[in-house]
Amino acid sequence: MSIESLRSPLRPLGSARRGAVAALVASIVVHAPSALAQQRPTTTVEDDIELPARPSGAPSDAAQPSATSALAQPASAVSSSTASEDLLRALQQRIDRLEARLVQAEQRTQPPVARPPQAPTAAPPARPAAGDYTPIGASSLVHTTAARPDAYSVLEPVGLVLSGFVQAQYETSQLSQDQLLQGMALNRDRFVLRRSRLRVDGSWQWFAMALELDANTVRGPVAGVRRAEASFLWRNAANNAVPWLAITAGVTEPAFGAELGEGVRRRWFMERTTGSLAFFGGEADVGLRAWGGIGVFRYALGVFNGVPLDDRGAQTGLRGVDPSRHLDVSGRIGVDTSARARSWSVAAGVSFLSGSGFHAGDEGTKPGIEWRDNNQNAMIDAGELVAIAGRAPTPSFTFARWALNADLALRVRTRAGTTRVFAEATMATNLDRGLLAPDPIATGYELRQLHAVAGFTQDVTQYGIVGFRWDVYNPNSDLFEERRGAIEPKNQAIHTLSPLVGLSWPSHLRLVFQYDFVLDALARDARGVPTDLANNQATLRVQGDF
Amino acid sequence: MRRSSAALLLLNLASCGVPSPLGLEEPVRLERAMLVPSLPIDEQRASVITAFENPNAVVAHRQTAKLVTGRASRDAFAVALRLQNRGSGYWVLPLSTPDPAANDELTFEAALSFADAAPTGPAVAELRAVGADGVAGPARLFPLCLLGPIPDNLNVCDPTLAPPIAVVSLGWDTDVDLDLELELPDGRRLGAKRPSAGPAGAIDVDAGAACRHDGLRRENFVIRETPLLGRYRVYVSLFDACGQSQAHARASVHRRALGAREGTFSQVETARADAQLTAFNVGAGERGAQLVLEFSLP
């Protein structure tokens, strides 16, 4: 009997599942001698799902006893049985196994339950149970899973797991202009393939690996490695637990803060915050990371090149090549109760980063001539030709950078759905690598950065979500400018308020709309005083997963 | 009530912010300045431009970093500049340091860049000081002469000045090393390697030579006063594609003409022809040059 033929009479019973199981028990007991006669007394988990509750030649499903009649049968059947107590125990064990397999089979055939969106937390997202892996094809060598691997590797020793997702979006911005600037298009009203990822995870008893490739069109078509990591694992014996120790090497996430390790597949908000993007242009860097957990405690410590790999593609410069031999060291310690509590959980931690930036030297110049049109008559007159002497090269230098971070995330499950509240703050010096890169070698002073983010998301059943995020980033807390001969403090803080609404077909499709109100002081009013620049933006994204 | 307040807040947030267009469509741009679409003006204001200096009123075609310096009264916050009756707003530039030699009046240094589409001919620039409340004071005007891409001996601004007898101009659209070549009535061939025919005229520049681009992408053969009479043939030669796949060129002939009033002149276009060149045309030398235009003098 296949599982489908077993399920079909059970399904109409609905909530009377226990009664159906009882009927199944009765059926097995009634035909137990025949089953034993077929020399199949033991059934392993790996066996094909076929319940030997009825011998070959048994009556068809139409002649099968109904649930009520089956419920009525066991007493008389058992009383009339002459089987020994050992046989009864064996049968009881077998019933238990069959019940477990029935539950597993139902999980595979039911639509996957919505996975709650991941709140920003550095702890590994809820990892799938072993039963969530579905073999692809008949070989069982490659699996897929409804609980998509994202920020961290698959840890259960299930072999290979294949997954991927696509994020396509239409975005519009008040900054958009049909012009070019420094060779770059200023048009921001466009369709973009933000991410398309294909990922292969491999996990065995002592080792794990992950390879994730990405292609996008943010700065033109570009493809690259988003993740390529190999891990040694010292597993925790407890099921579905974070390992005692994992050592991961390759292209992976630095251990810093919560937002960086959040995972782009689960995150509902379109991008990381302005400050996080300034600190880490991409989520991944090349390096080595040791991480794990003991109980609710989590730790991570890593050394990295200190040149995050931007998945949007580097615009200019060294394109992800680290010009300095100095490595960045980062780490995080914290707690995560998500594995223990059922209706609520807390994740919190503190992080640090210490590394070095790079001041590029000059390569030297040849002598030349420069024309300065002093009288602006567009002709070379006497005294307007200036000799430019050749210059010797200058050396490159490194400078120190550091950062401290604290993060907190709460998750509460209520009847309305899961509520997630998160907050994170970072204080840094010379860490900005994307928005306003400091160079204390050239300027003679260091830049202090401040970054904070807070927000929440609220599930609306399993098919909808609303959320809001506020973040502020100040790339230079000590900036002054001269206006009218006076030195005035200049506020460079950028506040972003981001409400979002989303729809979800659990585990397979998302439709999200986010509007970003950007409040800053990047424009000037009619008096020349800094004021808010019109640079709000909106994004509508479709995400498909497998 | 709460809903309407929230809606108003969202509306304010959505509409907040000052646009910051590049202003490339404007006839003139100011470096480090903001383009303000409209500016309240009070001609009786005390905030005034007290002094300014414009070293040269003549503006070359697409000239950049043309400096205009000056001072404004001590109560001013910024200066606003535009070309009178042209453009879509004022460029606002914050005032800088006080000048102790001028009663601590606040100084400014405006670097002007002129667009390709700026109308040629006489123009008037308008300078105003902006007070603390964002209201501009009275205007200070200064004249400019905006030249076009074709040499005309300032005829566009002063019709009594005679333009060259003829100008053969070649312009193109992409950053390639394109050369204007002419076959004179006496059979001589002029080009980048032999640009001058003495008093009979000369090619003014080798634009894009060695793929160093000047942004103008134009070469002119200027016949000032003593032309060779007869038939001229105009060729275009693609010396180096500079990595581009193709270029579109336009050759034109501009002749001196008598003006509407006595003693005045004008410059009129008498012939025009277009050509398209691809990277396959590179390196063919004189034999590969493409004949695009013929004309005769007188």
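The values are calculated or read from the model by the stated rules, or taken from the named source; none is laboratory data. The structure presented is a predicted model; accordingly, all values stated were derived computationally and were not measured. All Cβ positions, even for glycine, are placed from backbone atoms using ideal geometry, and neighbour counts span all protein chains on display. Just the protein is used for accessible areas: all its heavy atoms, side chains included, with ligands, DNA and RNA removed. Shrake-Rupley method; radii C 1.70, N 1.55, O 1.52, S 1.80 Å.
Per-structure values
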| read-out | value |
| --- | --- |
| Check on residue A:258, part of a loop (DSSP other than H, G, I, E, B) and in the same structural domain as residue A:191 (by TED's automatic domain parsing) | yes |
| Residue in region A:497-509 that is nearest to the other protein chains (Cβ to nearest Cβ), counting only those that are crowded, with 17+ Cβ neighbours inside 10 Å and touching a residue at least 60 places away in the same chain (Cβ under 8 Å) | A:498 |
| Options B:187, B:171, B:191, B:198: the member that is among the small types (Gly, Ala, Ser) and within 22 Å of residue A:380 (Cα to Cα) | B:198 |
| Evaluation of residue B:239 against (1) farther than 14 Å from residue B:171 by Cα; (2) under 23 Å from the mean Cα position of the chain (by Cα) (one fails), failing number | (2) |
| Test: residue in region B:90-107 that is under 20 Å from the mean Cα position of the chain (by Cα) and surrounded by fewer than 20 Cβ atoms within 10 Å (Cβ to Cβ) | no |
| Counted residues, region A:172-184 - those being surrounded by 12 or more Cβ atoms within 10 Å (Cβ to Cβ) and within 12 Å of another protein chain (Cβ to nearest Cβ) | 7 |
| Residue check, residue B:183 open to solvent by 40 Å² or more (accessible area, probe 1.4 Å), of a type outside the set (Gly, Ala, Ser) and at pLDDT below 90 | no |
| Check on residue A:399, open to solvent by 60 Å² or more (accessible area, probe 1.4 Å), under 30 Å from residue A:472 (Cβ atoms) and either in a loop (DSSP other than H, G, I, E, B) or at pLDDT 90 or above (or both) | no |
| Residues located in region B:46-61, provided they are surrounded by fewer than 17 Cβ atoms within 10 Å (Cβ to Cβ) and touching a Pro at 6+ places or on another chain (Cβ under 8 Å) | B:57 |
| Lone unmet requirement of (1) open to solvent by 60 Å² or more (accessible area, probe 1.4 Å); (2) in contact with a His (Cβ under 9 Å, 6 or more places away or on another chain) for residue A:162 | (1) |
| Strands (runs of 3 or more DSSP E) lying entirely in region A:299-380 (those with 3 or more residues that are open to solvent by 60 Å² or more (accessible area, probe 1.4 Å) and more than 30 Å from residue B:144 (Cα to Cα)) | A:344-359 |
| Selection status of residue A:463, open to solvent by 20 Å² or more (accessible area, probe 1.4 Å), touching a residue at least 60 places away in the same chain (Cβ under 8 Å), in contact with a Leu (Cβ under 9 Å, 6 or more places away or on another chain) and on the phi < 0 side of the Ramachandran plot | yes |
| Enumeration of residues in region B:124-138 that are within 12 Å of chain A (Cβ to nearest Cβ) and in contact (Cβ under 8 Å) with a residue 12 or more places away in the chain | B:128, B:129, B:130, B:131, B:132, B:134, B:135, B:136 |
| Condition broken by residue B:220, with the remaining ones in (1) touching a helix residue (DSSP H, G or I) at 6+ places or on another chain (Cβ under 9 Å); (2) open to solvent by less than 50 Å² (accessible area, probe 1.4 Å) satisfied | (1) |
| Some residue of region B:116-123 being within 12 Å of chain A (Cβ to nearest Cβ) and in contact with a strand residue (DSSP E or B) (Cβ under 6 Å, 6 or more places away or on another chain) | no |
